1. Select from B:73, B:347, B:169 the residue whose mean-square fluctuation is largest in a Gaussian network model of chain B (Cα-Cα springs shorter than 10 Å).
2. Label-point separation (nm) for residue B:112 and residue A:238, each offset 7 Å from Cα along Cα-to-Cβ?
3. For chain B, what is the relative contact order in percent, using Cα pairs closer than 8 Å and at least 6 residues apart in sequence?
4. For the stretch B:53-169, take the convex hull of the Cα atoms, compute a quarter of its surface area, and give me that in nm², please.
5. Would you mind getting me the FRET efficiency between residue B:383 and residue A:29? Use the beta-carbon distance for r and R0 = 22 Å, nearest 0.05.
6. How much length, in nm to one decimal, is gained on full extension between residue B:87 and residue B:320, taken as 0.36 nm per residue of separation minus their Cα-Cα distance?
7. If you take the Cα atoms of the protein assembly as shown, find Rg, then find the Kirkwood Rh from the mean of 1/r over all pairs, what is Rg/Rh?
8. Evaluate the stretch A:49-122: find the radius of gyration of its Cα atoms, find its Kirkwood radius, and give the ratio Rg to Rh.
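Read-outs: derived from the displayed coordinates by stated rules, not from any lab. Everything numeric in this text was worked out from a predicted model, so none of it was measured. Note: ideal-geometry Cβ built from the backbone for every residue, glycine included; neighbour counts use all protein chains shown.
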């Protein structure tokens, strides 16, 4: 379970007199339950990535708290990261290493021994249908192959909580479908807590049990797709999202 | 600590997989030293050979038997000049000046008229020019001998013409000039270490940022000091490997020395190799740290390369201090990393002694520099990952 409690974060851009303060997150709050896929929905610049980076202990919140299975992500980053698998916005692999070596490296960083690392790699390769990729160098991988490797890498320590930042970016239909399938299986078979950020409505409609709508660094609405449609006053989810995200501030596009 | 070991193993594997870069570095750094040594020995051997040869190129020697007699008494071998010597002297293809004697040489001498003897050289041809002085003084010797004979015939003491006795003595060994160039050897191994560490250092920092693999890496439960320590150890290991290889490459390189006097002056045995390595290993560590600290600020490897130029430039310019500084070795030289190693390696080559302090002070400074760099990288790492 991941709890984000009234988290705030601002950045200072530039230096001296030209410095400009950007309030990236100004009060995000949501709870992502176990056995449930939570969608973090927002337009570009709504603060999704910054929020997820705070969940992953990569940034320290200015205010508020992030709890991963009850562990404070700021005070005990190592313990919270051990219970977290993060597929971040940046999905760089090591091009001179094979997919297997990339995955085993992360397993070893999570403290798995060689045998456990090898075994987990096999299990994930089977689950993600990437056995043929394992011993190839990642140098010439396609976007879909990269995503699979990165996903296997972040799941290698079998974390109870999974965070994915815009995972379908740059993926074709087939790869998107296979990712969706994999996430459903993780939820249904293993009861994982999955948080999934995106700006694509269909993704959320197809996959998410619970949706958190973010706009201008704030959580503006939360609930199931049906509940949000009702609140937004439209049967079309996209229209409902627009009125929830922008309508409240009067900034209609 | 276990985390640092995991990072070290992966980074080392990654660096060693970069075969093409590694091969270029190995070839240029490890082969460069012996190659320079061989070229140097060729140069010195050439100088020695010409000094020993005592050959004079003359055109028209058949017209001057008395000159030939004089030259042969000075143990010079007289050889006829090649046909197109003027052209070849101009084109720097002939490395000795040519003496040209006219057909009327002996008859003019007999008639007490001074015949013209020309010495041809070209100031654009340094090799021939360097032999010019030798030829001129040789011919002046002939002039003087003939003049003395004439005076003696007329009953005048030759001592009248010689107010003081002049004699030239060259103290320099022919190989001494060339041997000064062995001072370049420490410079080459120093640059080898720097270039050995450069690519790995840039790849584990700026390269990691450029690929977008730093952010996911930091989401692993490993402390930042352990991560930086592992990365630094891998980079330093590559730098140290190059250092050891390039030092050892001078051992067989020495067998290729053609000049005996150079071989005597450039004595590089196992002891010297061991001392070189002892001096270079800490430096490899310090430079690895420094390069990583410079590169972690950069978003791409390209940007990092531009910034690392400052370090490369500093390390390659520092040794010049020892050349420009006429006072020789100053105490502060040992306080500057790279310059200290240069100075001490030079001392090792000259067969000088190294005290415990000479080894300990640079070692300590290198450790401090490496530690400071790593602390900086660890502090900067997280901040930079999200930019």
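1. B:169
2. 12.3 nm
3. Result for chain B is 21 percent.
4. 8.4 nm²
5. 0.25
6. 79.9 nm
7. Reported Rg/Rh, Kirkwood definition of Rh: 1.26.
8. 1.04
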